[in-house]
Amino acid sequence: MSRHATQVGIVGAGPAGLLLGHLLHLNGIDSVIVENRSREYVIDRVRAGVLEQGTVDLMQAMGVDAGLQRSGLRHDGLYISFNGRRHRIDLAGLTGGKAITVYGQNEVVRDLIDARVGTGRPLYFDAKDVSVGDLDSTTPSVRFHHDGTDHDLRCDFIAACDGFHGICRPSIPDGVLTIYERLYQFGWLGILAEAPPSSDELVYTLHERGFALFSMRSPTVTRLYLQVPPDEPIEHWSDEAIWNEMLRRMTTRDGWTPNIGRIIQKSVTPMRSFVAAPMRHGRLFLAGDAAHIVPPTGAKGLNLAASDVLVLGRALKAFYERGRADWLDEYSDVCLRRVWKAQRFSWWMTSTLHRSPDETAFDHQRQIADLDYLTSSHAAMTSLAEQYVGLPMEVSFESVGL
Ligand code: FAD
Ligand code: DHB
C-alpha cells in the first residue's frame, strides 16, 4: 500500500480535472489527478468542438492556448436553417466582438495533458478501482490501484471531475442531492469525415425529417450530426445511408450542401438534461459533467466545466491563501446560477430544432414561427448570440490570480 497526501485530489482527467489541476498549479496548490482510462483513450475520445469566448480567454490567461491559437477556428457567426433557407446570425456584431472558437475537445485535452506533464505534478492514467471516502472528515481519501500498487491518497479536498458516469457523485450518501432530470426522445449520430468544410460557419438545421448540424474540425475535416432515436444502433447506418440523410436534411434551396468524404469516425449519443444540487458534499466538490449534463445542441457542456473550475479555483485559492471558507460554501450556488441559464438555453435550442415523435402539427408550426422570429428580430438574435458566445463568468480571472 502506498500512502501519500496532497492538497486537492482530482478524480478524472477530462477538461474539468485537467483545467483545475493547472489552475491550482499556477497558484502553487498541490494536486494529484487520478484517471481510470488510458492517456490514448482520453485524447482520442471525440466529443465537443465549440469553445465560448470566456473559455478561450481562460485558456489564454492560463497559458495553455498555444494549440488553440495555432489551429482553433474563430467563428464570428453561425447559420440557422429551416424551410430550405439559411439565416446568418452575426455573433460578433451582436455581442460587441465576441465569438466562438471551433477546437476539438480532444485537442484541448491533449494540450492540457502536455501542460500537466510539463509541471511535473502527478497524473495517474489507467487507475483501477478508484473510490473516494471520509468525505465528511478534514482528510477525505481517494483510493485506487495503479501498476500493481494500492494507493491511499489523503487530501484536504476532493474535486469530483469524473464525468456523468463517474464514481464520485454516487459516493454521496442518499438524500443529500436533489436530482433534476429530463430525457429526450432522440439522440445524435455524429460523424467525422475527410472533407473540406463547405461553409466557414456552423449550420443548425430543422428539417421535416429532424435536426441536422454542420460543423468542422479543421480545413480538411467536416463534423456532422443527425437526429436519430436515442437507442439507435450505429450498425444500422451504412456510410451511404448517413450521407443520404445528411444531404437530404441539410441541402438548402440555393444549393448549399456539405462536401462528402470518407467517414473516419461515427457514434450515437443519447441526450439528457441533468443537474445534481448542491454541487458539494462535505469536502467533495462536483465539477463539470459529474454535476450536470446538457443536451449538446447549445454546445455548453465543456464550457460549463470550465466555468465551474474557475469558481472552484477561486474558492480553493482563498482558502489556502487567506483561510477563507465562505467561497467554498458559496461554490455550489455561484455555479448553479450559470448552470441553470445554460440548461435553459440548451433545452430551448434542443426543443426548437428537433422533431419529437409525439409532437403535433401545431408544435411544428410553433417551432417554425420560433425560428422565423429568431432570425428576423434583432432582439431575438442578440439574445441567442450573447448566450451562444457564453454568458459572463460568475467570478473574475483576477480572483484566481490570472
Ligand atoms: P468528462 O470529459 O466526461 O471527463 C471525465 C473524466 O473522468 C474522463 O476522462 C473519464 O474517463 C474519467 N473518469 C470516469 N470515471 C472515473 C473513475 N471512476 N475514476 C477516475 N476517472 C474517471 N460541450 C461543449 O461545451 N461544446 C460542444 O460543442 C459540445 N459538443 C458535444 C458533442 C457531443 C457529441 C457530446 C457527447 C458532448 C458535447 N459537449 C460539448 C459536452 C462535453 O463533451 C462535456 O460536457 C465535457 O466532456 C465535460 O467535461 P468533464 O471534464 O466534466 O467530463
Ligand atoms: C459541435 C458540437 C455541438 O454540440 C454543437 O452544438 C456545435 C458543434 C461540434 O462538435 O463541432
Rg/Rh (Cα only; Kirkwood hydrodynamic radius) as it applies to region 355-397
1.20
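Looking at the chain, how many pairs of lysines come closer than 25 Å at the Cα, when each pair is eight or more places apart or spans two chains?
Working: Lys98/Lys300; Lys98/Lys341; Lys266/Lys300; Lys300/Lys341.
The result is 4.
Give me the compactness ratio for region 150-208, meaning the Cα radius of gyration over 2.2 N^0.38 Å. Mind dumping the intermediate values first?
Details: Rg = 20.4 Å, N = 59, 2.2 N^0.38 = 10.4 Å.
Dividing the Cα Rg of region 150-208 by 2.2 N^0.38 Å gives 1.97.
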Using alpha carbon centroids, what distance separates region 111-189 and region 276-345, in Å?
15 Å
Total formal charge among the other residues, if their Cβ is under 12 angstrom from that of Tyr225, Lys/Arg +1 and Asp/Glu -1:
+3
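I'd like the carbon and sulfur percentage of the solvent accessible area for the chain, probe radius 1.4 Å, heavy atoms only, ligands and nucleic acids excluded.
Working: 7980 of 16390 Å².
C and S atoms contribute 49 percent here.
Multiply the residue gap between Ser137 and Asp152 by 0.36 nm, knock off their C-alpha separation, and tell me the result in nm, one decimal place. Before the final figure, lay out the partial values.
Numbers: separation 15, 0.36 × 15 = 5.40 nm, distance 1.51 nm.
Fully extending the segment from Ser137 to Asp152 adds 3.9 nm.
I'd like the per residue volume of the convex hull spanned by the Cα atoms of region 231-299, given in cubic angstrom.
Values: hull volume 10.0 nm³, N = 69.
Given the Cα convex hull of region 231-299, per-residue volume reads 145 Å³.
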Rounding to the nearest 10 and keeping the result within 0 to 90°, find how far the Cα-based axis of helix 378-388 lies from the longest principal axis of the chain.
40 degrees
Is any residue of region 358-373 close enough, with backbone N under 18 Å, to a label point placed 7 angstrom from the Cα of Glu208 along the Cα-Cβ axis, and if so, which?
358-369
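Hey, could you get me the Stokes-Einstein D for region 91-165, Kirkwood radius over alpha-carbon pairs, 25 °C and 0.890 mPa s, rounded to whole µm² s⁻¹? Numbers along the way, then the final one.
Values: Rh = 15.8 Å.
The diffusion coefficient I find is 156 µm²/s.
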Relative to the longest principal axis of the C-alpha atoms of the chain, give the angle of the C-alpha long axis of helix 326-353, reported between 0 and 90° and rounded to the nearest 10°.
20 degrees
Using the scaling law 2.2 N^0.38 Å as the reference, what is the normalised Cα Rg of region 42-103?
1.32
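Counting only other residues whose beta carbon sits under 11 Å from that of Asn106, what net charge do I get with K and R as +1, D and E as -1?
Details: positive: Arg45, Arg47, Arg110, Arg217; negative: Glu40, Asp44, Glu107, Asp111.
Charge balance in the 11 Å sphere: 0.
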Max mean-square fluctuation residue, GNM over the chain, Cα-Cα springs under 10 Å, options Arg314, Arg322, Arg85
Arg322
What value, in deg cm²/dmol to 500, does the helix sum -39500 (n - 2.57) over DSSP H runs of n ≥ 4 give at 222 nm once divided by the residues of the chain?
-11000 deg cm²/dmol
Which angle from 0 to 90°, rounded to the nearest 10, does the C-alpha axis of helix 361-376 make with the longest principal axis of the chain?
80 degrees
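Would you mind computing the Rg to Rh ratio of region 167-240 from its alpha-carbon coordinates, Kirkwood style for Rh? Provide the component values of the computation, followed by the final result.
Details: Rg = 17.6 Å, Rh = 15.3 Å.
Taking Rh as the inverse mean 1/r over Cα pairs, Rg/Rh reads 1.15.
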Just add up the charged neighbours of Leu91: K/R +1, D/E -1, any other residue whose Cβ is under 12 Å from the Cβ of Leu91.
-2
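Return the inverse of the average 1/r over all pairs of distinct C-alpha atoms in the chain, which is the Kirkwood hydrodynamic radius, in Å to one decimal. Provide the component values of the computation, followed by the final result.
On the way: mean 1/r = 0.0457 Å⁻¹.
Evaluated over the chain, this radius sits at 21.9 Å.
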Coarse-grained scattering of region 277-329 at q = 0.15, 0.16, 0.19 Å⁻¹, given as base-10 log I(q)/I(0) from a Debye sum over alpha-carbon atoms:
-0.46, -0.51, -0.67
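From the C-alpha coordinates alone, can you work out the Kirkwood hydrodynamic radius of region 306-345, in Å?
Numbers: mean 1/r = 0.0957 Å⁻¹.
One over the average 1/r among Cα pairs gives 10.4 Å for region 306-345.
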Over region 208-256, what per residue volume does the convex hull of the Cα atoms give, in whole Å³?
100 Å³
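What accessible area per residue comes out for the chain, rounded to a whole number of Å², with a 1.4 Å probe? Display every interim value, and only then the final one.
On the way: 16390 Å² over 402 residues.
Accessible area per residue: 41 Å².
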Using the basic label-point model (7 angstrom from Cα toward the beta carbon), what is the Thr269 to Ser383 distance in nanometres?
2.6 nm
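Taking region 137-289, how much of its Cα-Cα pair set, in percent, is spaced more than 20 angstrom apart?
Details: 7222 of 11628 pairs.
In whole percent, the share of Cα-Cα pairs in region 137-289 beyond 20 Å is 62.
The values are calculated or read from the model by the stated rules, or taken from the named source; none is laboratory data. All values reported here derive from a predicted model rather than from experimental measurement. Glycine gets a Cβ as well: all are built from the backbone with ideal geometry, and neighbour counts include every protein chain shown. Ligands, DNA and RNA are excluded from the accessible area calculation, which covers all protein heavy atoms including side chains. Shrake-Rupley method; radii C 1.70, N 1.55, O 1.52, S 1.80 Å.
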